[in-house]
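Chemist: This is the structure I have questions about; it appears just below.
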Amino acid sequence: MGSNASPQARLLFKEAFDRLEQTVSANHPVDAQNLYSTTLQDVRTAARQIEQELSARQCLRNMRRIEPFFAGLERYSKIVEVLCNGTPYLPWIWAPVKLVLQLASDFTTAMEKLITVYGQIAEALPRFHRLSAAFQHNPDFQRVVATVYADILDFHREAYEFFRKQGWKIFFKSLWSGFDRRFKGILESLARHSELIDKEANSIDITEAKEWRSRLMENTAKKEQERSITQFRAVLSWLEVKDYEQRKQEDELDRQYNLHHDHSCDWILKNSKARSWMRLGTDELVLWLNGKPGAGKSVLSSVIIRFIQQDKHSVVLYYFCNYYSSDSNKSSHILRSLAAQLLRCNKDLSAYVYDEYICEGFTSSIPQLKKLIPAMLSGIPSVRIIIDGLDEFDHKAQSQILNDVIPFASASNGAVCKILVASRDITPIARHLSKRSTISLNRERVAVSAAMRSFVQHSLIDIRRNLSGMNVDNNITEIEHDLIDKADGGSTLMLLKAP
């Protein structure tokens, strides 16, 4: 930080820069690299190019309305440049504007909103140029300059996060209302500091303003959190999904996972079809894992779920059909459960469901859920859905569930959803899935037998230990061979952990 800045101002500059830089780098590192070298002229040039592109599409917007914003940033930057000499902070005052305009340029409503917002910021920007010569060495004045820097970068951070969200165009209406509330807090802070500058930097007011800004931001964040929680609960109520029903699913996942012996199911994670299905690419959108009763399909499903849960880039939704509610419509119950899990993974979706469905008076019927879930999926880059034990239901329910769920498998607009169904090889499931990529446990005898052998050997260790001193080794060995031979590559024995 340049030596002209006070310690308090240095800290404010650094904290604001770090918040924005970390946000951008975490989303797209290339964006961060570009922001370091973007000039204000680059931003102005980009705005003119966007205006030309909009004109060619007959969607012209008066981009000149943004010029007062650029002019205000230019005046303000001359003061910041002196205080931030020797740091990378200066370009980040204007550089994110170019990126945000480019991200929003093909969505007319978003462009109109952005131009209006930038105009409001221009009006609120303090007129530092009137006082900089007299006060630029005053620590309190520098603190106001740094606080305004924090306000501007906080706005850039909010705008960047908004337009980098997956599927923001679909959720624009509901997402913008939340952004607008947070922006108004930043705008209020800018207006407050503009007033201080017009009062010729009264030091007492400046000291109080720092505390006032902190309270404002805390209150804004608290209200936004409370609103988000209220909407989340309202949507869960609308979906009619009870907490205990989700707990049942989580408990069943835990129970199934704890049944496998360490490493006995690693083969499924190395299977070429399973690996292709789990990868982030678009291969193997639908995978069918089938086998006879007791072959370990549910345990293998749990192992896959746990594995995907460790990947921060993917979301996994699941449903174990042997634990379903009393709802007579099984497909409806599964769709509600999947929607609720999506909400828990991305609570921002609550605002969309609340605005577009609850406020519009729609019920959570199957037709509405079949429209809602694809929209929600488009807001998450990588989703995996696992339906286990579908053969537990009657044939009619099996067909309806597959007809309702399989269309969710898709790869478009940067969002990929893949589906795995684990069941017995029976009609009508086979009729729906026989042409899909398949892993048949009946054909995986080598892997299954190796897993079974590992389990049996491990399980008999305790027996040998308890009978130590007795001449039973030969008998135990015979038992081991008998169990392996009689399991026929498909019994629950090869997966179940001994008590």
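The values are calculated or read from the model by the stated rules, or taken from the named source; none is laboratory data. These numbers come from a predicted model, not from an experiment. Because the Cβ atoms are built from the backbone with ideal geometry, glycine has one as well, and the counts that use them run over all protein chains shown.
Chemist: Residues in the range 273-311 that are out of contact with any Gly (no Cβ under 6 Å at 6 or more places or on another chain) and in a loop (DSSP other than H, G, I, E, B): how many?
Modeler: Going through the range 273-311 one residue at a time, the tally reaches 13.
Chemist: Then there is this: Please name all residue pairs, on different chains or six or more residues apart, with Cβ atoms under 9 Å, provided the first residue is in the range 373-389 and is on the phi > 0 side of the Ramachandran plot and the second residue is among the basic types (Lys, Arg) and crowded, with 22+ Cβ neighbours inside 10 Å.
Modeler: Final answer for the pair search is Gly389/Lys297.
Chemist: What residue, among those in the range 227-249 that are surrounded by 13 or more Cβ atoms within 10 Å (Cβ to Cβ) and small (Gly, Ala, Ser), is nearest to Phe179 (Cα to Cα)?
Modeler: Per the criteria, the residue is Ser228.
Chemist: Filter the range 161-212 down to residues that are modelled with pLDDT of 70 or more and hydroxyl-bearing (Ser, Thr, Tyr) and give me whichever is surrounded by the fewest Cβ atoms within 10 Å (Cβ to Cβ).
Modeler: Ser177
Chemist: Same structure, new question: Which residues, counting only those in the range 412-445, are surrounded by fewer than 15 Cβ atoms within 10 Å (Cβ to Cβ), modelled with pLDDT of 90 or more and not in a helix (DSSP H, G or I)?
Modeler: Ile426, Ser434, Lys435, Ser440
Chemist: Next question. Residue check: is Ser37 surrounded by fewer than 18 Cβ atoms within 10 Å (Cβ to Cβ) and hydroxyl-bearing (Ser, Thr, Tyr)?
Modeler: Criteria met by Ser37.
Chemist: Additional query: Would you check which residues across the range 284-310 are surrounded by fewer than 14 Cβ atoms within 10 Å (Cβ to Cβ) and under 26 Å from the mean Cα position of the chain (by Cα) and list them?
Modeler: Gln310
Chemist: Looking for whichever is closer than 20 Å to Tyr257 by Cβ and either assigned to a helix (DSSP H, G or I) or not assigned by TED's automatic domain parsing to the domain that holds Asn413 (or both) here; the options are Gln341, Gln368. Which one fits?
Modeler: That would be Gln341, the only listed residue that is closer than 20 Å to Tyr257 by Cβ and either assigned to a helix (DSSP H, G or I) or not assigned by TED's automatic domain parsing to the domain that holds Asn413 (or both).
Chemist: Output yes when any residue across the range 379-387 is in contact with a Lys or Arg (Cβ under 9 Å, 6 or more places away or on another chain), under 15 Å from Leu289 (Cα atoms) and surrounded by 19 or more Cβ atoms within 10 Å (Cβ to Cβ), and no when none is.
Modeler: Scanning the range 379-387 turns up at least one residue that is in contact with a Lys or Arg (Cβ under 9 Å, 6 or more places away or on another chain), under 15 Å from Leu289 (Cα atoms) and surrounded by 19 or more Cβ atoms within 10 Å (Cβ to Cβ).
Chemist: Given (1) in contact with a helix residue (DSSP H, G or I) (Cβ under 9 Å, 6 or more places away or on another chain); (2) modelled with pLDDT under 85; (3) not hydroxyl-bearing (Ser, Thr, Tyr), where does Ala133 come up short, assuming only one miss?
Modeler: All conditions are met except number (1).
Chemist: I'd like the residue in the range 89-130 that is part of a loop (DSSP other than H, G, I, E, B) and more than 27 Å from the chain's Cα centre (by Cα) and, out of all such residues, is modelled with the lowest pLDDT.
Modeler: Among those residues, the one meeting the criterion is Arg127.
Chemist: Spot the failing condition for Val405; the list is (1) free of Cβ contacts under 8 Å to residues at least 40 places away in the same chain; (2) buried (at least 17 other Cβ atoms within 10 Å of the Cβ), and only one is missed.
Modeler: (1)
Chemist: Still on this structure: When you go through Ile380, Ile386, Ile358 one by one, which is the residue that is over 13 Å from the mean Cα position of the chain (by Cα), among the β-branched types (Val, Ile, Thr) and within 26 Å of Leu420 (Cα to Cα)?
Modeler: Result: Ile386 is the single residue among Ile380, Ile386, Ile358 that is over 13 Å from the mean Cα position of the chain (by Cα), among the β-branched types (Val, Ile, Thr) and within 26 Å of Leu420 (Cα to Cα).
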